[in-house]
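The values are calculated or read from the model by the stated rules, or taken from the named source; none is laboratory data. Quantities reported herein were computed from a predicted structural model and do not represent experimental measurements. Backbone-built Cβ (ideal geometry, glycine too); neighbour counts: all protein chains shown.
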Amino acid sequence: MVKIRLRRQGAKKHAYYSLIVADSQSPRNGRFLAEIGTYDPNQQPAALRIQTEEALRWLRNGAQPSETARALLKRAGVLRLLREARAGGDGQS
């Protein structure tokens, strides 16, 4: 199964994270398929950058976000775009 999750980076007690797409069997900081964003909770306000089109592509193809990744995708509006695309794309040609 393909998961969207966070990969920890940075120094001790000053972590920042990459939002990655990886196989669920891979270790947290191990091999991954794609990097689709970054999250830095140390900045005020917390910095969140997500490549929306890449995230939507992976979600449409069945990638399952972790709880934290889901919260970040929701904050960035990606899940709303996915819901709108599914609702609006069904009846149109």
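Of the residues in the range 14-23, none is touching a strand residue (DSSP E or B) at 6+ places or on another chain (Cβ under 9 Å) and surrounded by fewer than 12 Cβ atoms within 10 Å (Cβ to Cβ). Among the residues making up the range 34-53, those that are loosely packed, with under 15 Cβ neighbours inside 10 Å and either part of a strand (DSSP E or B) or in contact with an Asp or Glu (Cβ under 9 Å, 6 or more places away or on another chain) (or both) are E35, A46, A47, R49.
From the list L19, L73, the lone residue that is part of a helix (DSSP H, G or I) and modelled with pLDDT of 95 or more is L73.
Screening L79 with (1) crowded, with 16+ Cβ neighbours inside 10 Å; (2) modelled with pLDDT of 95 or more gives one miss only, at (2). Residues of the range 1-53 that are over 14 Å from T68 (Cβ atoms) and aromatic (F, W, Y): F32 alone.
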